[in-house]
Amino acid sequence: MKLYKISLALLLGLGTLTSCDDKLELINPNQQTTATFGKTASDLEECVIAAYNHIRMEGSYARVGYGYDLCRGDEVWNSSQVWYLAYDDLNAPATEEMTQWVWREWYYTINVCNFILSRTGDDNATMDENMKRVKGQALFLRGLSYYNLAGYYQNPPLITDYSQYGSLDGLYASNSTYSDVMDQVEKDFSEAMTLLPSRDAGGEWAKGRATSGAAAGYYARALMMNHKYAEALTVLKSIIAGTYGHYELMKNYGDNFREGSQYENNAESLFEVQFLDNGTQGTDEEWTPVNTSSNATQAHAIESNFCPGSFGGWADLSASPWLYQLFKQERTTEGKLDPRLYWTIGTYEADWEGFENGNVCYKKAMDAIENVITNNNNGGLPIAKWTNMRTNLYESVVTGLHCGINLRMMRFSDVLLRAAECENEVNGPTQLAIDWINMVRNRAQLPGLNLSDFSSKDKLFEQIANVERPKEFGCEFGRGFDLIRWGFFYSADRLQQLKAHGAVLLSNDPNLVKTLIDYDSLPKDDNGKLVKPYKTSYDTFVPGHEFIPIYQGLLNANPNLKGNSANSNTNNASFFSEKGWTIHPVVNL
């Protein structure tokens with residue numbers, strides 16, 4: 001044994017003497033740095049995956065990053081009266097720790113995208129197809145990040161140069177204006193459109209990834225946030241014409257809200273966040289970036305927020321009676337309820353006997369007497385979207401990050417209704433706008449609208465904003481963004497309308513919670529606030545709190561960072577009017 005060791009040592013020594021020009025490779029492939037990593041499209045693809053990973057976290061779309069926007073809209077209210085309550089009441093303090101969760105997730109995504117873009121270069125013409133796709137996805141995800149940050153925080157710092165992270169001065173970035181951030185969002189989405197393949201050309205690669213169609217759709221959204229309706233209309237028309245791939249409405253509206261490869265990433269979906277189906281998930285829940293796991297569930301908790309407490313859910317969020325009654329006001333051409341109600345709000349209806357899975361709540365049959373409420377104490381109409389309430393697959397909910405239904409963040413129906421809105425803004429009521437609206441209504445088997453019924457731009461806008469969009473996208477992300485761009489927080493009559501839409505009765509009687517509430521006739525205190533058991537989120541709205549305040553801990557850590565309108569309780573009406581943007585007056589339909 002000793003002889004063997006000596007011989008081996010001699011051989012190694014001789015090797016060293018005879019190979020003095022060679023150097024030992026000391027780079028650990030598992031501990032790479034920015035100096036050694038990111039030189040190829042293959043390397044950068046790993047970064048792209050990391051960026052996608054963070055759009056499915058707690059603060060992005062897995063729970064609160066999705067739920068905040070639902071709360072500030074008029075279609076959803078906080079039935080738990082605990083979780084999300086300050087955001088539902090639109091008066092969250094800057095000291096509330098949850099205010100930084102959205103900020104955390106999207107800036108993490110931005111950091112990864114900025115690294116990618118620092119390695120792809122600026123000359124798109126010389127890039128091969130793989131590098132174009134890498135850069136296009138990074139631009140899309142950075143644009144998506146800033147779209148959310150501006151929509152939530154108003155004036156976040158704009159960081160687009162990776163070298164800025166090399167010094168404290170660079171990291172201590174100051175606020176950018178809302179307009180500057182949204183201009184960058186437009187730029188990122190616009191460039192991504194030119195680099196990414198269409199869903200058709202992308203094939204299997206395109207499933208679950210950003211495509212040129214996704215970039216075009218979000219580019220139109222960004223233009224509309226800046227009231228550039230003519231430019232947005234051009235983009236939306238191109239999407240409808242198939243320039244960025246083939247899109248169509250699914251025949252069954254409910255197919256947009258089920259899990260499984262036969263439903264997800266379908267022909268209606270421009271972009272959706274990917275979550276693992278039930279039975280394929282890991283065991284670890286990734287609530288924050290610090291507990292990232294290779295065995296993650298890779299699912300979301302929206303279902304947990306929506307699911308009634310009696311079926312294992314957290315019972316946090318419910319649909320507003322206004323939305324429910326809006327569905328009830330109009331019947332299909334066959335005299336039935338709008339089928340979108342079935343997939344939006346989980347109430348018992350006689351019309352659902354024999355329809356889809358019938359009057360079911362997590363495999364339990366409902367009847368008119370045993371209607372289900374969301375919260376055992378405060379009632380509420382259960383939200384069926386992004387849950388398995390109607391799928392008849394499970395008997396109850398496993399709470400936490402376990403729902404595998406992909407969140408469809410942009411559907412073709414949104415393209416059609418946005419195109420109709422832009423056409424109306426640019427040209428007034430036209431048959432073309434009516435035709436696009438009717439494509440969406442026809443899927444729901446509702447009678448078509450007639451142009452002759454809309455004598456003004458204001459009236460057709462009212463129909464789009466407060467009938468067509470709520471029924472098609474009720475309880476989905478984006479309503480709060482729309483209320484901001486429409487200026488509803490800056491107009492007395494629109495704010496009064498929001499108060500009426502958001503009015504609820506705190507009751508555990510399942511029949512009473514369905515009743516349409518006449519806000520104007522309800523008793524109010526000396527400050528004009530509803531008296532319990534009635535309430536509405538907008539009674540407690542503090543001007544400026546259509547945005548989330550920038551967390552005080554961030555302001556303390558960064559001397560260059562200032563608060564936004566929610567930090568200072570500043571009314572943003574002047575910003576809106578100085579832009580020359582129009583707030584449509586309320587019109588009775």
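Would you please put 424-433, 170-179 in order of how densely packed they are, using the mean number of other Cβ atoms within 10 angstrom per residue and starting with the highest?
Numbers: 424-433: 18.6, 170-179: 15.5.
For the peptides 424-433, 170-179, the packing ranking is 424-433, 170-179.
Between segment 143-188 and segment 243-289, how far is it from one alpha carbon centroid to the other, in angstrom?
Comparing the Cα centres of segment 143-188 and segment 243-289, I get a distance of 29 Å.
Need one number for segment 474-540: average projected area of the convex hull over its C-alpha atoms, nm².
Average projection, Cα convex hull of segment 474-540: 5.3 nm².
What are the semi-axes of the equivalent ellipsoid for segment 357-492, taken as the square roots of 5 times the Cα gyration tensor eigenvalues, largest first, in whole Å?
34, 17, 15
Kirkwood Rh over alpha-carbon pairs of segment 337-418, then Stokes-Einstein at 20 °C and 1.002 mPa s: what D in µm² s⁻¹, rounded to an integer?
Estimated via Stokes-Einstein, D reaches 153 µm²/s.
Alpha carbon centre of segment 68-104 versus segment 521-589: separation in Å?
When both Cα centres are located, 12 Å separates them.
Using only the Cα atoms of segment 494-581, what do you get for the radius of gyration and for Dmax, in Å?
17.5, 53
More than 45 angstrom separation, counting every C-alpha pair in the chain; what % is that?
Looking at the chain, the distances longer than 45 Å represent 17 percent of pairs.
Any idea what the dipole of the chain comes to, in debye rounded to 20, about its Cα centre with Lys/Arg Cβ at +1 and Asp/Glu Cβ at -1? Working shown, then result.
Working: 50 positive and 72 negative charges, 56 e Å.
Once rounded to the nearest 20, the dipole reads 260 debye.
Work out the charge dipole of the chain with +1 on the Cβ of Lys and Arg and -1 on the Cβ of Asp and Glu about the Cα centre, then indicate which of Ser167, His246, Ser269 is farthest towards its positive end.
My answer, from the dipole projection, is Ser167.
Using the C-alpha gyration tensor of segment 87-183, what are the square roots of 5 times its eigenvalues, in whole angstrom, with the largest one first?
29, 15, 12
Report the FRET efficiency, 1/(1 + (r/R0)^6), for Glu46 and Asn357, where r is their Cβ-Cβ distance and R0 is 35 Å, rounded to 0.05.
Approximately 0.25, to the nearest 0.05.
Using mean Cβ contacts within 10 Å as the protection proxy, how do 281-293, 523-535, 561-573, 185-197 order, highest first?
In descending order of packing, they fall as 185-197, 561-573, 281-293, 523-535.
With each pseudo-label sitting 7 Å past Cα toward Cβ, what's the Glu370-Thr582 distance in nm, one decimal?
5.3 nm
Rounded to the nearest 5, what % of the DSSP beta bridges within the chain are antiparallel ones?
Bridges in the chain are about 95 percent antiparallel.
Carbon and sulfur together cover what percent of the accessible area of segment 387-451 at a 1.4 Å probe radius?
It is 48 percent, rounded to a whole number.
For segment 251-342, take N as its residue count and report Rg(C-alpha) divided by 2.2 N^0.38 Å.
The reported ratio for this selection is 1.40.
Output wanted: per-residue J couplings in Hz (rounded whole) for segment 87-103, from phi through Karplus 6.51 cos²θ - 1.76 cosθ + 1.60, θ = phi - 60°, x for Gly and Pro.
Running phi through 6.51 cos²θ - 1.76 cosθ + 1.60 with θ = phi - 60° gives 7, 5, 7, 6, 8, 4, x, 5, 7, 6, 4, 5, 5, 8, 5, 5, 4 Hz.
Tell me, what is the per residue accessible area of the chain in Å², probe radius 1.4 Å?
39 Å²
Spelling out what I want: for every residue of segment 209-225, take phi, set θ = phi - 60°, compute 6.51 cos²θ - 1.76 cosθ + 1.60 (Karplus), and round to whole Hz; glycine and proline get x.
10, 6, 10, 5, x, 5, 5, 5, x, 6, 4, 4, 4, 5, 4, 5, 4
Pairs to check: Lys364/Lys535; Lys228/Lys579; Lys187/Lys459; Lys364/Lys385; Lys187/Lys237; Lys132/Lys187. Give those whose C-alpha atoms are more than 21 Å from each other in this structure.
From the list (Lys364/Lys535; Lys228/Lys579; Lys187/Lys459; Lys364/Lys385; Lys187/Lys237; Lys132/Lys187), the Cα-Cα distance tops 21 Å for Lys364/Lys535; Lys187/Lys459.
Need the full-extension length gain, Thr288 to Asp122, defined as separation in residues times 0.36 nm minus the C-alpha distance. One decimal, nm.
Values: separation 166, 0.36 × 166 = 59.76 nm, distance 3.29 nm.
Contour length minus Cα-Cα distance gives 56.5 nm.
What are the residues whose amide H is under 5 Å from the amide H of Met410, where those residues sit 5 or more places off or on another chain and H is modelled from the backbone?
So Met410 has HN proximity to Leu270, Phe271.
Which of Pro429, Ala384, Gly312 sits closest to the plus end of the dipole of the chain, meaning its Cα is farthest towards the positive end, when Lys and Arg get +1 and Asp and Glu get -1 on the C-beta?
Gly312
Could you derive backbone 3J(HN,Hα) for segment 390-406 from the dihedral phi with the Karplus parameters 6.51, -1.76 and 1.60 (θ = phi - 60°), listing whole Hz in sequence and x where the residue is Gly or Pro?
9, 7, 6, 9, 10, 8, 7, 9, 8, 6, x, 7, 10, 7, x, 6, 4
Rounding to the nearest 20 debye, state how big the charge dipole of segment 136-293 is about its Cα centre with +1 on each Lys and Arg Cβ and -1 on each Asp and Glu Cβ.
440 debye
Where the only charges are on Cβ atoms (+1 Lys, Arg; -1 Asp, Glu), what is the dipole of segment 100-144 about its Cα centre, to the nearest 20 debye?
Value, rounded to 20: 140 debye.
Just want to confirm a number: the relative contact order over the chain, from Cα pairs under 8 angstrom separated by 6+ residues, in percent.
After rounding, I find 18 percent.
What's the ranking of 269-276, 364-371 by average number of surrounding C-beta atoms within 10 Å, highest first?
Ranked from most to least packed, the peptides come out as 269-276, 364-371.
Quick one: if you stick a label point 7 Å off each Cα along the C-beta vector at Gln325 and Lys251, how many nm between them?
The modelled label-to-label distance comes out at 3.7 nm.
Just subtract the alpha-carbon distance of Thr194 and Ser455 from 0.36 nm times their residue separation and send over the number in nm, one decimal.
The span from Thr194 to Ser455 would gain 90.0 nm if fully extended.
The values are calculated or read from the model by the stated rules, or taken from the named source; none is laboratory data. Predicted model only: the values in this text are computed from it and were never measured. Quick reminder, even Gly has a Cβ in these numbers, built from the backbone with ideal geometry, and neighbours come from all protein chains shown. For the accessible areas, the whole protein counts, side chains as well, though only heavy atoms, and no ligand, DNA or RNA atoms are used. Shrake-Rupley method; radii C 1.70, N 1.55, O 1.52, S 1.80 Å.
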